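> The following block contains the structure, expressed as C-alpha cells.
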Amino acid sequence: MKNKIKPEYSREHIAYLRKQKKNKIIVHLSRFLVLVAILGIWELLAQFNVINAFITSSPSRVCKTLANLYVEGTLFYHIGITLMETLAGFLIAVILGYAVAVILWSSETVRKVAEPYIVVLNSLPKIALGPLIIIWIGTGYDAIIFMTVLVSIIVCIMNMLAGFIAVDKTKLLLMKSMGANKAATLRKLIIPASLPALMNTLKVAVGLAWIGSIMGEYIVSKAGLGYLIVYGGQVFKLDLVMTATFILCLLAGGMYGIIALIEKHAVK
C-alpha cells in the first residue's frame, strides 16, 4: 500500500492560509450583515411612516405578497416562465457569441470588416426594436428569447474576441514554429488560455440575459416576472412590483453564484 506524501508547510505559510480563510469568512459575514441592515432599516422606516409604504413597500409586505402568490399557485409559474426565457436566451447568446468570436479570430480580414458593424449593433437601443420583433417573430416566448439573445450576444462576441486576441504572442509564435495550423492553435492554446475570459463573459452575460428577458416581457408577455412588474405598476399594486423585483434579484444572484462556482473549479 502506497503511503500518501503530505506536503509540509512552513509556520508562516500556515499563518497566511489561516488569515486568508479568516478574511473570507469576514467578507461573507459582512455581506450578510449589510443585507440584514438594509432590510431592517427599510422595514423600520416603513413601520414608523418615515417613508410611504404604499409607494416603497416593505420587507414584511413583500413577504405577504410572496405568500399570497404561493397560495394562488402562480408564484412558481411566473418564476418558471422568466427563468426558462432567460436561460434559453443566455445559452443561445453565449454559444453563438463564442462561435462568432472564433470566426473573427481565425480571419483578420473578416474581423476588420465586421468590427464597425458589431460596434454599431452594440450601441443600438434594443428596446427600440421591440415593435419590429413582435411583427417579425410574434407575441410568444420566441420574441422574448430573441430579445434576450439580442441584448447579450454582442457583448459575448466582443469579450471572447478580446480574450482570444490577448493570448500571449510568444506562445502563438511557438505554435507557429512547430507547424501548428489555425485549428490546432485554437484547440491547444487559444481555448485553454482564454478560459478566464470565458468565465468573465458568462458573468456579464448573466446580467444582460436577465435584462433582455425582462425587457422582452415588458413589450410582450402574458406571464413572467416582467409581466407582474408591468401589471403591478398599471394597477398600482406596488407590493407586487417590489416582490417581483426582489425575486429577480435572488434569481440573478443565484445564477451568478453558479457561474462563480463553475469558474472556481474550471480555472483551477
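The values are calculated or read from the model by the stated rules, or taken from the named source; none is laboratory data. Bear in mind the structure is a predicted one, so any value in this text is a computation, not a measurement. Every residue, glycine among them, receives a Cβ derived from its backbone with ideal geometry; neighbour counts consider all protein chains shown.
> Here's a check for you: in the range 31-64, which residue that is within 29 Å of the chain's Cα centre (by Cα) and aromatic (Phe, Trp, Tyr) is farthest from residue 253 (Cα to Cα)?
Across the range 31-64, the extreme among qualifying residues is 42.
> Wholly within the range 36-130, which helices (runs of 4 or more DSSP H) include no fewer than the required count, namely at least 3 residues that are touching a Ser or Thr at 6+ places or on another chain (Cβ under 9 Å) and within 18 Å of residue 231 (Cβ to Cβ)?
Here the list reads 59-72, 75-106.
> Only one residue in 214, 247 is out of contact with any Phe, Trp or Tyr (no Cβ under 8 Å at 6 or more places or on another chain), over 21 Å from residue 143 (Cα atoms) and either among the hydroxyl-bearing types (Ser, Thr, Tyr) or assigned to a helix (DSSP H, G or I) (or both), so which one is that?
After applying the criteria, what remains is 247.
> Residues that are in contact with a Ser or Thr (Cβ under 9 Å, 6 or more places away or on another chain), among the basic types (Lys, Arg), exposed (fewer than 13 other Cβ atoms within 10 Å of the Cβ) and assigned to a helix (DSSP H, G or I): does the range 165-178 have at least one?
Yes.
> Right, another one. For residues that are over 11 Å from residue 210 (Cβ atoms), over 11 Å from the mean Cα position of the chain (by Cα) and surrounded by 15 or more Cβ atoms within 10 Å (Cβ to Cβ), tally how many sit in the range 248-268.
1
> Check whether at least one residue in the range 61-84 is closer than 18 Å to residue 190 by Cβ, among the hydroxyl-bearing types (Ser, Thr, Tyr) and modelled with pLDDT of 85 or more, and report yes or no.
Here is the first cut: in the range 61-84, the ones closer than 18 Å to residue 190 by Cβ are none.
No.
> Return the residue satisfying two criteria in turn: it lies in the range 231-244 and is assigned to a helix (DSSP H, G or I) and aliphatic (A, V, I, L, M), and of such residues it is surrounded by the most Cβ atoms within 10 Å (Cβ to Cβ).
Once the filter is applied, the top-ranked residue is 244.
> Restricting attention to the range 186-194, does a residue exist that is assigned to a loop (DSSP other than H, G, I, E, B) and under 19 Å from the mean Cα position of the chain (by Cα)?
So far as the range 186-194 goes, yes, one or more of its residues are assigned to a loop (DSSP other than H, G, I, E, B) and under 19 Å from the mean Cα position of the chain (by Cα).
> So, in the range 46-59, of the ones that are surrounded by 15 or more Cβ atoms within 10 Å (Cβ to Cβ) and free of Cβ contacts under 8 Å to residues at least 60 places away in the same chain, which residue ends up farthest from residue 243 (Cα to Cα)?
This residue is 51.
> Here is a further query. Given 35, 39, 69, which one is over 30 Å from residue 198 (Cβ atoms) and not assigned by TED's automatic domain parsing to the domain that holds residue 185?
39
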